[in-house]
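A.B. asks: Sharing a structure below in structure tokens format, with a few things to ask.
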Amino acid sequence: VTTSFAAPVSSTISSEPNPLPRRQKGLALIVIGTGRIGSELLNQIAVHPRALGGELRVCAIANSRRWIWKRNGLNLRPWTLQIRRSSVRTDLDELIQRTRDLRDVTVAVVDCTASSAVVDAYTRFVEAGAHIVTPNKKANVLPWARYRLLLQSFAQCDRRFLFGPTVGGGLPVLSTLSTLLSTGDTVRAIEGVFSGTLSYLFNRYDGSRPFSALVREAHQLGFTEPDPRVDLSGSDVASKLLVLARQMGIPSELNDICVEDLSTPCLDADIARRFKSVSRDGAVLRYVGRIRDRTISARLESLPRSHPFANTRHADNIVAFHTRRYSETPLVIQGPGAGPEVTAAGVVSELLRLLQS
Ligand SMILES: NC(=O)c1ccc[n+]([C@@H]2O[C@H](COP(=O)([O-])OP(=O)(O)OC[C@H]3O[C@@H](n4cnc5c(N)ncnc54)[C@H](OP(=O)(O)O)[C@@H]3O)[C@@H](O)[C@H]2O)c1
């Protein structure tokens, strides 16, 4: 049985054309979050030709404690020093007011947090005139009714919500899905390894070190979510699957997704036992997410070494689109799907789309 999926649910989604009203040239940015992604993003913007040419300018940088602001654009070279020296406490209401003050330019709020408080402020930012660009999945997995309301606010204010980096970091996963749907293909199933962290862990694990030691290593390398339990519990994969499913017009909720939670108290012993068992059959363990027939699931699977998902490297994501047109062989996207450099580049790519539209 195959299922046809409807076109995406809103005209404000990531990859659809959505013309902007003409304003002063360029893009003013309010960057919220200076952690792994936010810092790397600011470093990439600092040396980007469009920023050096004055088209991209960062007017505000905020983290959970303090923020800095300059209407005509901050000098990014010493941004870390500036924010460390700032005594101004972060206040989202104040940032929303500053967004309103920038009404003569196109403004994008770049949410590089994993914060629900920032997501809760999206509607007010949008009403103040900002587009939202983000790798944060929290908005996309809001209860369906709230998510619809959020999309409506983008549509009403003619602002865009660009969240390409939420799935696959810098890989073109959501844009590929959008292209398949907008060109009239029928997506029958999407499956793959969606977690850079779990990919890294199962690519590296050989039974010689406890699994939890590898988790710590992945966290130090910046692959994991701020809280690695979000990766191990499968909830990060579930969120990514929900982002994709909703783009396919499936109005699911997180609770509808059948997820295997690996974060048990016996993590090390459980993984060691399963690894031993599949190794005897010459197979490997991979944490696979799947959307098929409107059913969404994620679990640890034993795959033969010949399977494409068995041949991922390092922290690769691999995503296979099974469609009417790609029926003999799926359309496959593979590559590093986590890590500050590629994820921040995914954010820059969304900013450039906004700049060019
Ligand atoms: N790491 C990856 O490879 C990856 C890949 C794809 C997507 N993502 C997503 O990217 C986002 C950022 O990840 P990350 O690894 O950069 O996280 P991170 O290193 O923990 O940084 C989070 C930042 O958000 C700030 N923050 C938290 N709550 C805030 C609030 N209420 N107001 C203002 N700032 C607030 C924190 O401030 P403080 O500095 O004051 O604590 C910190 O600077 C997450 O949503 C994650 O899911 C990450």
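A.B. asks: With r defined as the distance between the Cβ atoms of S302 and T179 and R0 fixed at 41 Å, what FRET efficiency is calculated, to the nearest 0.05?
C.D. replies: On the way: r = 33 Å, r/R0 = 0.80.
Once the sixth-power term is evaluated, E becomes 0.80.
A.B. asks: Set the Förster radius R0 to 25 Å, insert the Cβ-Cβ distance between H314 and T264 as r into 1/(1 + (r/R0)^6), and round the FRET efficiency to 0.05.
C.D. replies: On the way: r = 26 Å, r/R0 = 1.03.
The value I calculate is 0.45.
A.B. asks: Take every Cα-Cα pair in the chain and report what % of them are more than 33 Å apart. Spell out each step's value before the answer.
C.D. replies: Numbers: 18779 of 63546 pairs.
Counting pairs separated by more than 33 Å, the tail of P(r) holds 30 percent.
A.B. asks: Cα-Cα pairs above 18 Å in the stretch 235-357: how many percent?
C.D. replies: That fraction is 66 percent.
A.B. asks: Give me the compactness ratio for the stretch 68-212, meaning the Cα radius of gyration over 2.2 N^0.38 Å.
C.D. replies: Values: Rg = 19.2 Å, N = 145, 2.2 N^0.38 = 14.6 Å.
Against the empirical 2.2 N^0.38 Å value, I get 1.32 for the stretch 68-212.
A.B. asks: Could I ask something else about it? Per 0.36 nm of contour for each residue apart, how much would the distance between R292 and K25 grow if the chain were fully extended, relative to their Cα-Cα spacing?
C.D. replies: Gain in length upon complete extension: 91.7 nm.
A.B. asks: Something else now. Less than 17 Å apart at the alpha-carbon level, and either on another chain or at least 8 residues along: which lysines does that give for K240?
C.D. replies: K137, K138
A.B. asks: Where the accessible area of the chain is counted over protein heavy atoms with a 1.4 Å probe, how much of it, in %, is carbon and sulfur?
C.D. replies: 50 percent
A.B. asks: Continuing with this model, one more query. In terms of Cα to Cα distance under 17 Å, which aspartates and glutamates are near enough to K276, apart from those fewer than 8 places away along the same chain?
C.D. replies: Partners found: D206, D268, E301.
A.B. asks: Convert each backbone phi in the stretch 311-325 into a coupling constant with the Karplus relation 6.51 cos²θ - 1.76 cosθ + 1.60 (shift: θ = phi - 60°), then list the ³J(HN,Hα) values in order as whole Hz, x for Gly and Pro.
C.D. replies: Per-residue couplings from phi come out as 9, 6, 10, 6, 10, 4, 9, 9, 10, 10, 9, 9, 9, 4, 6 Hz.
A.B. asks: Evaluate the distance, in nm, between pseudo-label points positioned 7 Å from the Cα of D93 and of R146 along their respective Cα→Cβ axes.
C.D. replies: Output for this residue pair reads 2.1 nm.
A.B. asks: Mind ordering 345-353, 29-37, 286-294 by average Cβ neighbours within 10 Å, highest first? Walk me through the intermediate numbers first.
C.D. replies: Details: 345-353: 21.2, 29-37: 23.6, 286-294: 19.6.
Highest-to-lowest ranking by the protection proxy: 29-37, 345-353, 286-294.
A.B. asks: Which order do the peptides 76-82, 194-200, 169-175, 103-109 take when ranked by the mean count of other beta-carbon atoms within 10 Å per residue, highest first? If you can, show how the numbers build up before the last one.
C.D. replies: Working: 76-82: 14.6, 194-200: 27.9, 169-175: 23.0, 103-109: 19.3.
Sorting 76-82, 194-200, 169-175, 103-109 by mean packing, highest first, produces 194-200, 169-175, 103-109, 76-82.
A.B. asks: Additional query: I'd like the antiparallel share, as a percent to the nearest 5, of DSSP beta bridges with both residues in the chain.
C.D. replies: If we restrict to bridges inside the chain, about 60 percent are antiparallel.
A.B. asks: So, in nm, how far is label R209 from label R65 when the simple model puts each one 7 Å beyond its Cα toward the Cβ?
C.D. replies: Taking the simple label geometry, R209 and R65 are separated by 3.0 nm.
A.B. asks: Here is a follow-up. Per-residue ellipticity at 222 nm for the chain, helices alone: DSSP H runs ≥ 4 residues times -39500 (n - 2.57), over residue total, nearest 500 deg cm²/dmol? All intermediate terms of the calculation are to be shown ahead of the outcome.
C.D. replies: Working: 14 runs with 134 residues, N = 357.
My calculation for the chain gives -11000 deg cm²/dmol from helical runs alone.
A.B. asks: Also: Starting from the Kirkwood radius over alpha-carbon pairs of the stretch 104-144, derive D by Stokes-Einstein at 4 °C in a medium of 1.567 mPa s and give it in µm² s⁻¹.
C.D. replies: 122 µm²/s
A.B. asks: When only C-alpha pairs under 8 Å and at least 6 residues apart count, what is the relative contact order of the chain, in percent?
C.D. replies: 22 percent
A.B. asks: May I ask for the equivalent-ellipsoid semi-axes of the stretch 119-181, computed as the square root of five times each C-alpha gyration tensor eigenvalue and listed largest first in whole Å?
C.D. replies: 21, 12, 12
A.B. asks: Quick check on packing: order 58-67, 323-332 by the mean number of other C-beta atoms within 10 Å, highest mean leading.
C.D. replies: Output ranking for 58-67, 323-332: 58-67, 323-332.
A.B. asks: What's the extension gain from S327 to T80 if we count 0.36 nm per residue and subtract their Cα-Cα distance?
C.D. replies: Contour length minus the Cα-Cα distance gives 83.9 nm.
A.B. asks: Another question, then. Tell me, what does the Kirkwood hydrodynamic radius of the stretch 281-327 come to in angstroms if you use every pair of distinct C-alpha atoms?
C.D. replies: 12.1 Å
A.B. asks: Tell me the Kirkwood hydrodynamic radius of the stretch 23-104 in angstroms, computed as one over the mean inverse distance between distinct C-alpha pairs.
C.D. replies: Working: mean 1/r = 0.0775 Å⁻¹.
Result for the stretch 23-104 stands at 12.9 Å.
The values are calculated or read from the model by the stated rules, or taken from the named source; none is laboratory data. This is a predicted model, so every value here is computed, not measured. Note: ideal-geometry Cβ built from the backbone for every residue, glycine included; neighbour counts use all protein chains shown. All accessible areas refer to the heavy atoms of the entire protein, side chains included, with ligands and DNA or RNA removed. Shrake-Rupley method; radii C 1.70, N 1.55, O 1.52, S 1.80 Å.
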